[in-house]
Amino acid sequence: MDRYAVLGNPVKHSRSPRIHQLFAQQLGIDMEYRSIHVELGSFTDTVRHFFLAGGRGVNITVPFKQEAFQLAEVHSQRALRAEAVNTLLLGKNNLYYGDNTDGVGLLRDLKRLSFPLQGRRILLLGAGGAARGVLAPLLEAGPAEVTVVNRDAGRAALLAHAFSDLGKVRSAAYGDLSGSYPVIINATSASLSGELPPLPEHILTQGGYAYDMMYGAQPTIFMHWALQAGAAEVHDGLGMLVEQAAEAFFLWRHQRPDTAPVLAQLRAELVV
């Protein structure tokens, strides 16, 4: 039986094993996918042991995506741009091949939701690994501008500069924001701890769109904020999670699952 896993710390909460179980059932594939809690400092050893024991592929979640990038010996263009890896497999000559499926996962979910990106001003909250993983696909979608905002303005500036060749992207600190944005995407993990980024009033255009890359059984605090701010639509990141998983599954198995029924099943299970 082919074996796969998601590696992280923490990782017990991960929905990835359930997602890949549903993919495998849909396509009639006999495979195992489990979560592995990795102690800090032992990521590389854990990956090497998993593949030496016959593992076929791993997903990587926080806080190891940058370590996975360093471990990978061959990188996709997406991973090189993000400088982070969330999917590993053994490629040609048994070299570790690293990819990043976060950005394509987000864009596919936004397309499913008919989010208006082209020609719009987009505010991207956060300048960490999640933001870095999605910034290139966002710019390639043709927005008028993407503003990266972060508590550490210097970190936001470095990120904006790294992607400036792909489109109009600038940086700001929260206290320097002005005007309003028709699209706001939360790439911070603040919602997991019930916290809200320090957003100024009226930063979301009335009738605008808001997306939180986090998710839960109930709407996140950021989603509540957006609704109170007059958003026309707010969504969480469960669809992104399923779509990025489908891309990883395709890299491993060369088969693309139908994500719609899997997303519907996960949504139903979350609210039970």
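Might you let me know whether the stretch 113-130 holds any residue that is in a helix (DSSP H, G or I), farther than 18 Å from Glu67 by Cα and not charged (D, E, K, R)? No: zero hits. In the set (1) under 15 Å from the mean Cα position of the chain (by Cα); (2) under 22 Å from Thr87 (Cβ atoms), Leu263 fails one condition alone, (1). Of note, Leu166 satisfies the criterion of being touching a Leu at 6+ places or on another chain (Cβ under 6 Å) and either more than 30 Å from Thr44 (Cβ to Cβ) or surrounded by 24 or more Cβ atoms within 10 Å (Cβ to Cβ) (or both). Scanning the stretch 137-161 for residues that are within 12 Å of Ile122 (Cβ to Cβ) and part of a helix (DSSP H, G or I) gives Pro137, Leu138, Leu139.
Considering only residues in the stretch 192-231 that are crowded, with 21+ Cβ neighbours inside 10 Å and in contact with a Ser or Thr (Cβ under 6 Å, 6 or more places away or on another chain), the one that is nearest to Phe115 (Cα to Cα) turns out to be Asp212. Val85 meets each of the listed conditions (1) in a loop (DSSP other than H, G, I, E, B); (2) of a type outside the set (Phe, Trp, Tyr); (3) surrounded by 22 or more Cβ atoms within 10 Å (Cβ to Cβ); (4) in the same structural domain as Ala226 (by TED's automatic domain parsing) apart from (4). Apart from one condition, Leu107 fits all of (1) in a strand (DSSP E or B); (2) not assigned by TED's automatic domain parsing to the domain that holds Arg253; the exception is (1). Would you confirm, using the coordinates I've provided, whether Gly142 is in contact with a helix residue (DSSP H, G or I) (Cβ under 6 Å, 6 or more places away or on another chain), surrounded by fewer than 21 Cβ atoms within 10 Å (Cβ to Cβ) and either at pLDDT 95 or above or not assigned by TED's automatic domain parsing to the domain that holds Ala210 (or both)? Taking the combined requirement at face value, the residue does not satisfy it. For the stretch 62-82, taking the residues that are of a type in the set (Gly, Ala, Ser) and over 14 Å from the mean Cα position of the chain (by Cα), the one that is surrounded by the most Cβ atoms within 10 Å (Cβ to Cβ) is identified as Ala68.
The values are calculated or read from the model by the stated rules, or taken from the named source; none is laboratory data. Note that the structure is a prediction, hence the values are computed from the model and not measured. Glycine also receives a Cβ, built like all others from the backbone with ideal geometry; neighbour counts cover every protein chain displayed.
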